[in-house]
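All of the numbers you see were taken from the coordinates with simple rules; none came from a lab. These numbers come from a predicted model, not from an experiment. Note: ideal-geometry Cβ built from the backbone for every residue, glycine included; neighbour counts use all protein chains shown.
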Amino acid sequence: MRSLSPALSAAELPVAGEISPGVTVVVIVDGWAADLQDCISRVLKHTSAKVLMLDIATDESSFVAIEFSEKFPDRVSVIRSVKLGWSKCLLALIRAANTDLIAVMDISTLFDADALAPLVQLLREDQSLTAVGWKGVNVDLENNWFTSSDAVGEVDQLLGYLLLIRREQALNTPPHKDARFYRNADMEWSLALRESGGKLVAPNIQLPITQGRHHGYFDTDPQYRDKESRKNYSRMLQRFRGKTSILAPRQ
């Protein structure tokens, strides 16, 4: 049986040197090998983007990631890491990516054609934008910030199914260090980006994407999922609730 390389500690994780124009799709590998295979195969088929995976898995998905890097050495890289929480994984990926644009993506997001090209075009043509994404939401002010509703155009928050962000701004305003789980942490990160002056857009276009099963939600221990989700949301409310000046303009 093939063996895996030793996992790097957080202090050993690489940081990119020279940054070039381009796009790197970053993915956290933590199980569900078949879905990882499908997701990455579609990215490689439909786009010209690089792929960078942070492998924290303990199953067959680690070998799927390695096989991609061996088959596509010019496009796919894998970093094997000790187990880290969501925000620390994402920050490690952002630091290691050597392109100026980074596509944060969940393996449940399945490309049917090039879904990155329209997002890349938006960031290239409008330097005022910090990030663009597939799905956006706005805070429900009438519900005291406890819920959000789907929105397009300039938005308060982008969801982590697929979002494209400028590397420099992602490093300047990274996800919160205490976000161990993804849920609500993407929304918290969005508000932090807006507070720092960032502009977020969910374009009103139909991207060629199929939504697969989101294992992070449906197949995570419910007690852990709900506990960490509440932590993220409570922290977000404590920091941002009432700061309407950072929100997207309302019609």
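For helix 61-71, what angle does its Cα long axis make with the longest principal axis of the chain, in degrees from 0 to 90 and rounded to 10? The angle comes out near 70 degrees. If you bin all the Cα-Cα distances of segment 144-251 at 10 Å, starting from zero, the percentages per bin are 13, 44, 36, 8. Of K50, K227, the sequence from fewest to most neighbouring Cβ atoms within 10 angstrom is K227, K50. The spacing between segment 71-93 and segment 1-66, judged by their C-alpha centroids, is 5 Å.
Taking Cα pairs under 8 Å and at least six residues apart, what relative contact order does segment 18-133 come out at, in percent? Present the calculation step by step, with values, prior to reporting the outcome.
Values: 180 pairs, mean separation 42.7, N = 116.
Once divided by the residue count of segment 18-133, the mean separation gives 37 percent.
Any idea what angle helix 86-96 forms with the longest principal axis of the chain, computed on alpha-carbon atoms, 0 to 90 degrees, nearest 10? The two axes meet at around 70 degrees. Overall, segment 18-241 carries a charge dipole of about 560 debye about its Cα centre when +1 sits on the Cβ of Lys and Arg and -1 on the Cβ of Asp and Glu, all other atoms neutral.
The helix-based estimate of mean residue ellipticity at 222 nm for the chain, built from -39,500 (n - 2.57) per DSSP H run of four or more residues and divided by its residue count, is -10500 deg cm²/dmol to the nearest 500.
Taking every C-alpha pair closer than 8 Å and separated by at least 6 residues, the mean separation divided by the residue count of segment 18-241 gives a relative contact order of 22 percent.
Of the labelled figures (i) 10; (ii) 38; (iii) 21, only one reflects percent of Cα pairs over 35 Å apart as derived from the coordinates, namely (i).
Relative to the longest principal axis of the Cα atoms of the chain, the long axis of helix 33-46 makes an angle of roughly 80 degrees.
Hey, fewest Cβ within 10 Å first, where do W86, W189 land in order? Mind showing how you got there, number by number?
On the way: W86 22, W189 27.
Least to most surrounded, the residues fall as W86, W189.
For the peptides 23-29, 42-48, the ranking by packing is 23-29, 42-48, with the highest mean count of neighbouring Cβ atoms within 10 Å listed first.
Indicate the gyration tensor shape class of segment 207-251 (rounded, prolate or oblate), computed on the Cα atoms with a ≥ b ≥ c the square roots of the eigenvalues: a/c under 1.5 is rounded; otherwise a/b larger than b/c is prolate and the rest oblate.
Values: a/c = 5.42, a/b = 1.30, b/c = 4.17.
Taking the square roots of the gyration eigenvalues as a ≥ b ≥ c, segment 207-251 is oblate.
Remark on Q157: its backbone amide H falls under 5 Å from those of V137, a criterion applied only to residues 5 or more positions apart or on other chains, H modelled at 1.01 Å from N.
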